[in-house]
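Visitor: Let me begin by handing over the structure; questions about it come next.
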Amino acid sequence: MGGAFGKCYDPSGSQFGIPTYPWRYAPKGLATRRQLRARGLRPGGQQIAAQVLRPRYRRGPLTAYLYRVDRAKPVRPMTPARWAALAKANLARRTCPTCRTDAGYVIPTSLGMCVPCAYPDDEQRAA
């Protein structure tokens, strides 16, 4: 194997410490966290089984950790308390700290306040 493929192929784990495969060449039975979540599963405390590397030009490779699907556990269901905590957190992200109103959208972190508070002169020009 040559090129980038050969640098990322280490099924024995001798070079990286864990089995390593090139991007899109992971064996069946292994999945990333996102792939597990799409199936309604979670890693469930298991150790990383392998990794997938995607080489990039002039930068370090992208790494995705793989977990065994047969050891994965089902995702925990949302309880009413968790739904309430999530709603409260989202409300805090939508509340402007300057005018204390619900903006109806998540306040941009670059502004730190709602758009009318950040640009009060633009409101007068538009009217």
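Visitor: Just one of Pro77, Pro61, Pro97 is in contact (Cβ under 8 Å) with a residue 40 or more places away in the chain and either over 18 Å from the mean Cα position of the chain (by Cα) or within 21 Å of Pro11 (Cβ to Cβ) (or both); which is it?
Guide: Going through Pro77, Pro61, Pro97 in turn, just one is in contact (Cβ under 8 Å) with a residue 40 or more places away in the chain and either over 18 Å from the mean Cα position of the chain (by Cα) or within 21 Å of Pro11 (Cβ to Cβ) (or both): Pro61.
Visitor: Sticking with this one: State all residues of region 47-66 that are polar (S, T, N, Q) and either surrounded by 15 or more Cβ atoms within 10 Å (Cβ to Cβ) or farther than 17 Å from Trp23 by Cβ (or both); if no residue qualifies, say none.
Guide: Gln47, Gln51
Visitor: Check Gly17, Gly44 and return the single one that is open to solvent by less than 40 Å² (accessible area, probe 1.4 Å), of a type in the set (Gly, Ala, Ser) and in a loop (DSSP other than H, G, I, E, B).
Guide: Only one candidate passes the filter, namely Gly44.
The values are calculated or read from the model by the stated rules, or taken from the named source; none is laboratory data. This structure is a prediction, so every number in the text was calculated from the model and none was measured. No Cβ is skipped: glycine too gets one built from the backbone with ideal geometry, and neighbour counts run over all protein chains shown. All accessible areas refer to the heavy atoms of the entire protein, side chains included, with ligands and DNA or RNA removed. Shrake-Rupley method; radii C 1.70, N 1.55, O 1.52, S 1.80 Å.
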